[in-house]
Amino acid sequence: MMWVCTGCSCLCDDIEIEGDVVRHACRIGAGLYLNRSVARAEPLIDGKRTDIDSAIERAVEILKDSKSVAIYGLNNSTLEAQKIAMKIAEKISAYVDNGSKFGKLAEMILRKEIPSTTLENVKDYAYVIFYWGCDVHNSMPRHMSRYTYYPRGKKRQRGYEEDRFLVVVDVRRSHTAMLAKKNAVFIKTDDDGKLIREFLTALEGGIASGDVLRVVKELKKSDFNVIFGGGGLIEGLGNEFEEFVRFVSNVGYFIPADYRTNSMGFFKSLFEAGIPKANLEDLLIDEKVDTAIIVGSDPLNSMPFDVAKRLLKLKLIVIDPKVSFTSKMADVVIPSAISGVECGGKMIRSDFVEVELKPIFKSEYDDAKILRSISEGL
Amino acid sequence: MLRFAKYLKKVELKLVTYRDGFQVSVAVKDKFGDEFVEKSAVVIIHPDTAKTFGFKDGQIVKVSSYERCANLRLKVSEIAPENGALIPKSIYSCYLYSDKITIEPTDGEITTPNELLERYT
Amino acid sequence: MPSPMDIYKLLPKTNCKLCGEQTCMSFAFKLIKKEKKLEDCKPLFEPEFEEQRKKIEEMLKVVEKATETGLVVNEDLCIGCGNCIVVCPVHVYEDPEGAGSGFGVRLENPILRVENGVVRVVDVGLCRRYKEKTICVACRENCPTSAIAFLEEL
């Protein structure tokens, strides 16, 4: 049976499942499928066991009583579920955030303000491949073997040692950086902005360090080069995207390396609904919300303590297939299906390619159904 | 028994967090299992840092930031930055979130996620 | 994976030469390379060395798992990235549309395949090290978590 893995935003579609054997998926994806029955969430109201419909009803009551709501997460939800969430947001003027910092760059790609391409094109044509501020070996384990550096493609028949040039930029020697061997370079930096300016200078024929000059020489050998940027790059850039966009335009293309499974789907849904992306952390600091619906996300496992503490002062509705730190502290827990394993729909890969999921099981309640029930209740 | 650990000084390091694939796979499985603690309650330092300050791979250390602290397992690896400490992204790194953390040897046990959760309320 | 030094520390360290080697250290090396058997060290089977012998036997279990090409996979260290599958020159040649193009390997009996999130040795018969006795280290070189090792390099 073929399966589309929803372990990360690679959405690998070449996975074979035969009973309890998963072939070709990485540790994260195989585990998602194999451990699907472990630590499942139960419907809860104030920590007490209830049934799903009652939990949904209670969620609707809470929402009706609240003044200002934030909807958070949705990265593991299908496009269909995300769209219903956007409708709820419009109906009750809720803030929406998925916790990813890639919003600005995703919007620039959707507005065609920064050149982007598909992973299939990268495989077939890319020569210089940058991994900037992302340790994909850990966050998206098959990224390099399935789509970018290692596979052979139409115009890249001779393999990674001759037909590709790998550049890894990071503050530390990550596992991804360790793969930069022959025909490759690892550039260690604590200052991304400075390095981008150095690249721009070198591209215009100016003076730069040896590594930068070497990469620029390689860049000039091909008209198809690509930059994968991760959380480290975004952090390093702050809000200064102008020089980065100029750099990308000089190099070739940019593809976000946001591991969150359907993060790009979230940004597209948001963009199409015309809703501005909120930042829940800021909302919590400014005390702007009194209720949060958390969908398939565990902010206590990702938000700084000071902010997460404020989150626990809100009324919390958690929709999740599994028990999480946040679900333990929630007012209402509504158990859901694991997208891609127990329910189908569409998701968008990190390069904005739409992928149809191939669920192995069926579930009565998934994110889309739960959100639809809540929407109807409102 | 002589506990050399007590004679070592605290070391202050820059905190860098990262997404560890092995940690992610156990977090996806069950955040309340032993494997989660094994893969998450970890602080990694560079071999040079370990040598300079006399830390050993596998020892338990007290990691503090501001008034908060947790006991984590210390690991020594080149994937850590030379001037910093690397912690996999999880409730542990969130709890200890700050620019700088201090690491010192301890005889205590590793902190559990439930102990951390109690400190949130 | 035990190092020769780990083994050596547990040997009698008398350099008695009964095994045919000049030193116990040299015996430790050959033991890991499977060129000597533990039984070749006669003194180790005396009662006084029983505890140490058991420790060595435990250590050698990993070595026993090594395939005929000396390839050893430590599944605990594998993240299932598939780099080894895609870079393998034999896979590329035999399965250009599958492994060679980055997909899961489509051969019935490949050298390596990722199963349940970790790499497994399926059939070393195809490996260049086995057939042509070529020293190819492509799979090991592209594994940053050291899940793949070769006996002779240890």
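The values are calculated or read from the model by the stated rules, or taken from the named source; none is laboratory data. Just so it is clear, the model here is predicted, and its values are computed rather than measured. A quick note on method: Cβ atoms are made from the backbone with ideal geometry, for glycine too, and the neighbour counts reach across all protein chains shown. These area figures cover heavy atoms from the full protein model, side chains too; ligands, DNA and RNA do not enter into them. Shrake-Rupley method; radii C 1.70, N 1.55, O 1.52, S 1.80 Å.
Yes or no: B:Arg73 modelled with pLDDT under 95, open to solvent by 30 Å² or more (accessible area, probe 1.4 Å) and more than 8 Å from chain A (Cβ to nearest Cβ)?
no
Are there strands (runs of 3 or more DSSP E) fully within the range C:65-123 with at least 1 residues that are crowded, with 17+ Cβ neighbours inside 10 Å and either among the polar types (S, T, N, Q) or within 12 Å of another protein chain (Cβ to nearest Cβ) (or both)? List them.
Output list reads C:112-115, C:118-121.
Spot the failing condition for A:Met264; the list is (1) without any contact (Cβ under 8 Å) to a residue 12 or more places away in the chain; (2) within 14 Å of the chain's Cα centre (by Cα), and only one is missed.
Checking A:Met264 against (1) without any contact (Cβ under 8 Å) to a residue 12 or more places away in the chain; (2) within 14 Å of the chain's Cα centre (by Cα), the one that fails is (1).
Please determine whether any residue of the range B:58-65 is assigned to a strand (DSSP E or B), within 30 Å of A:Phe186 (Cα to Cα) and among the basic types (Lys, Arg).
no
Would you confirm whether any residue within the range B:52-60 is on the phi < 0 side of the Ramachandran plot and small (Gly, Ala, Ser)?
no
What's the number of the only condition in (1) of a type in the set (A, V, I, L, M, F, W, C); (2) over 20 Å from the mean Cα position of the chain (by Cα); (3) under 17 Å from A:Leu32 (Cα atoms) that A:Val332 fails to meet?
If we test A:Val332 against (1) of a type in the set (A, V, I, L, M, F, W, C); (2) over 20 Å from the mean Cα position of the chain (by Cα); (3) under 17 Å from A:Leu32 (Cα atoms), just (3) comes out false.
What number goes with the only condition from (1) polar (S, T, N, Q); (2) away from every other protein chain (no Cβ under 14 Å); (3) surrounded by 20 or more Cβ atoms within 10 Å (Cβ to Cβ) that A:Ser93 does not pass?
Unmet for A:Ser93, out of (1) polar (S, T, N, Q); (2) away from every other protein chain (no Cβ under 14 Å); (3) surrounded by 20 or more Cβ atoms within 10 Å (Cβ to Cβ): (3).
What single numbered condition from (1) within 14 Å of chain A (Cβ to nearest Cβ); (2) open to solvent by 10 Å² or more (accessible area, probe 1.4 Å); (3) touching a helix residue (DSSP H, G or I) at 6+ places or on another chain (Cβ under 8 Å) fails to hold for B:Thr106?
B:Thr106 satisfies all of (1) within 14 Å of chain A (Cβ to nearest Cβ); (2) open to solvent by 10 Å² or more (accessible area, probe 1.4 Å); (3) touching a helix residue (DSSP H, G or I) at 6+ places or on another chain (Cβ under 8 Å) except (1).
Give just the number: which of (1) free of Cβ contacts under 8 Å to residues at least 24 places away in the same chain; (2) closer than 23 Å to A:Leu357 by Cα does A:Leu312 not satisfy?
All conditions pass for A:Leu312, except number (2).
May I ask you to list the residues in the range A:106-115 that are open to solvent by less than 40 Å² (accessible area, probe 1.4 Å) and in a loop (DSSP other than H, G, I, E, B)?
Correct list: A:Ile114 only.
Which of the helices (runs of 4 or more DSSP H) contained wholly in the range A:127-203 include at least 1 residues that are of a type in the set (D, E, K, R) and within 13 Å of another protein chain (Cβ to nearest Cβ)?
A:160-163
Taking the range C:1-60 only, how many residues are open to solvent by 60 Å² or more (accessible area, probe 1.4 Å), of a type in the set (Lys, Arg) and farther than 15 Å from C:Glu152 by Cα?
The qualifying residues number 7.
Just checking, which of B:Lys10, B:Lys29 is open to solvent by 10 Å² or more (accessible area, probe 1.4 Å) and either within 12 Å of chain A (Cβ to nearest Cβ) or not charged (D, E, K, R) (or both)?
Details: B:Lys10 fails: either within 12 Å of chain A (Cβ to nearest Cβ) or not charged (D, E, K, R) (or both).
So the residue among B:Lys10, B:Lys29 that is open to solvent by 10 Å² or more (accessible area, probe 1.4 Å) and either within 12 Å of chain A (Cβ to nearest Cβ) or not charged (D, E, K, R) (or both) is B:Lys29.
Only residues that are among the aromatic types (Phe, Trp, Tyr), in contact (Cβ under 8 Å) with a residue 24 or more places away in the chain and open to solvent by 10 Å² or more (accessible area, probe 1.4 Å): list them for the range A:178-234, please.
A:Phe224
Report, by residue number, each residue of the range B:80-103 that is part of a loop (DSSP other than H, G, I, E, B) and either open to solvent by less than 10 Å² (accessible area, probe 1.4 Å) or small (Gly, Ala, Ser) (or both).
B:Ala80, B:Pro81, B:Ser90, B:Leu96, B:Ser98
Taking the range C:1-23, which residues are touching a helix residue (DSSP H, G or I) at 6+ places or on another chain (Cβ under 6 Å) and in a helix (DSSP H, G or I)?
Listed by number, the residues that qualify are C:Pro4, C:Ile7, C:Tyr8, C:Leu10.
Mind counting the residues in the range A:267-291 that are of a type in the set (Phe, Trp, Tyr) and open to solvent by less than 50 Å² (accessible area, probe 1.4 Å)?
Here the count works out to 1.
Can you pull out the residues in the range A:162-177 that are open to solvent by 10 Å² or more (accessible area, probe 1.4 Å) and in contact with a His (Cβ under 8 Å, 6 or more places away or on another chain)?
A:His175
Filtering the range A:20-52 down to residues that are open to solvent by 30 Å² or more (accessible area, probe 1.4 Å) and within 11 Å of chain C (Cβ to nearest Cβ), which residue is modelled with the lowest pLDDT?
Within the range A:20-52, the match that is modelled with the lowest pLDDT is A:Asp20.
Among the listed residues A:Gly133, A:Gly103, A:Gly159, A:Gly153, identify the single one that is surrounded by fewer than 24 Cβ atoms within 10 Å (Cβ to Cβ) and within 25 Å of A:Val295 (Cα to Cα).
On the way: A:Gly133 fails: within 25 Å of A:Val295 (Cα to Cα); A:Gly159 fails: within 25 Å of A:Val295 (Cα to Cα); A:Gly153 fails: within 25 Å of A:Val295 (Cα to Cα).
Only one candidate passes the filter, namely A:Gly103.
So, of the residues in the range A:335-377 that are open to solvent by less than 20 Å² (accessible area, probe 1.4 Å) and over 24 Å from the mean Cα position of the chain (by Cα), which turns out to be nearest to B:Tyr120 (Cα to Cα)?
Of everything passing the filter in the range A:335-377, A:Ile374 is nearest to B:Tyr120 (Cα to Cα).
Filter the range A:5-19 down to residues that are closer than 22 Å to B:Gln23 by Cα and more than 10 Å from every other protein chain (Cβ to nearest Cβ), then give me how many there are.
5
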